[in-house]
Amino acid sequence: MSIVTAILLGLAMGVAFGFFLEKARVFEPAVILGQFQFRSFLMLRVFLAGVAAGLVVLAVLTGFGWAKLSPKALLPMADIAGGLVLGAGIALAGACPGTVLAQIGAGYKDAWFTLAGGILGALAFTYAEPHLAPVLQVAGQGKLTLDMVTGVPFWMLALGFAVVLVLALVGLERWRPWRQEIGENADGLMPPRQATPPAHAVPAE
C-alpha cells in the first residue's frame, strides 16, 4: 500500500467515524458523563456495537488469511496507570481524544480547552517518559492472547464473542430503551427525576 493510498484510506475512515459518532450522539458531554455516572448507557451501546462489528470483520479477514493479527505485549503498570489517568480526564472534561474534535465541530467552545490540554499532556509525557519508563514498561507475560491459551482459532472466538455482545445489546435495550436516554434535544440531557412521595404522606389542603 502506497503512502497516498494509506492517507486516503485514513481520511475515508476518519470521515466515516465522525459521521457515525455524530449520528450516535456519543460525542455529547452529557452522554459521556452519563455513562461514567451509570445514568445513561448510550455510550456503552455504541462501543459494544463497534466491538461486535470489529470482531466480525477481523474474523473474516483472519479466517480467509487476508490479514494477520499483531498483538502488543502486555504492560500492566502502563495500562493501569494510563487507564486511570485517561478515565479521570474523560470524567472531568466530558470528552475523550476521539470525541473532542467532534465537539469542536458541533460548536462546543470548551472543547478547545480540552484539545489544548490533551496536546500539552502529550508534550509533558514526552519529556517525563524517560523517567517513568522503568516503572511503566515493566513487561507482563508478553504477547498472550485467548486463542493461544485455548487453542481455538481466532475467527471462531471472535464470532462467538460477537454473538455474546449482540445478545448483551438486546438485553440492554430491553432494560433501558435508547430513546429514553437520548434526551429531548438528542444531547443526552434528561430531566431530573422527581422524588416519589412516601405512600403514607398526606397531601396538603
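The values are calculated or read from the model by the stated rules, or taken from the named source; none is laboratory data. Small disclaimer: the values here were computed from a predicted structure and weren't measured. We place every Cβ from the backbone using ideal geometry, glycine too, and count neighbours over all the protein chains shown. For accessibility, only protein heavy atoms count, side chains too; no ligands or nucleic acids. Shrake-Rupley method; radii C 1.70, N 1.55, O 1.52, S 1.80 Å.
A few points about this structure:
- Scanning the range 35-58 for residues that are in a helix (DSSP H, G or I), open to solvent by 80 Å² or more (accessible area, probe 1.4 Å) and farther than 26 Å from Trp155 by Cβ yields a single hit, Phe36.
- Among the residues listed as Leu69, Leu84, the single one being open to solvent by 40 Å² or more (accessible area, probe 1.4 Å), under 29 Å from Leu144 (Cβ atoms) and not in a helix (DSSP H, G or I): Leu69
- The lone exception for Val152 - which of (1) β-branched (Val, Ile, Thr); (2) modelled with pLDDT under 95; (3) surrounded by 10 or more Cβ atoms within 10 Å (Cβ to Cβ); (4) assigned to a helix (DSSP H, G or I) it fails: (4)
- Pair list, Cβ under 8 Å, 6 or more apart: the range 1-13 residue under 19 Å from Gly98 (Cβ atoms) and surrounded by 10 or more Cβ atoms within 10 Å (Cβ to Cβ), other residue hydrophobic (A, V, I, L, M, F, W, C) and modelled with pLDDT under 85: Leu9/Met1
- Given (1) loosely packed, with under 15 Cβ neighbours inside 10 Å; (2) touching a Cys at 6+ places or on another chain (Cβ under 8 Å); (3) among the β-branched types (Val, Ile, Thr), index of the condition Ile32 fails: (1)
- Scanning the range 146-164 for residues that are more than 15 Å from Ala59 (Cα to Cα) and either polar (S, T, N, Q) or touching a residue at least 24 places away in the same chain (Cβ under 8 Å) (or both) yields a count of 1.
- Test: Gly94 is under 27 Å from Val51 (Cβ atoms) and at pLDDT 85 or above: yes
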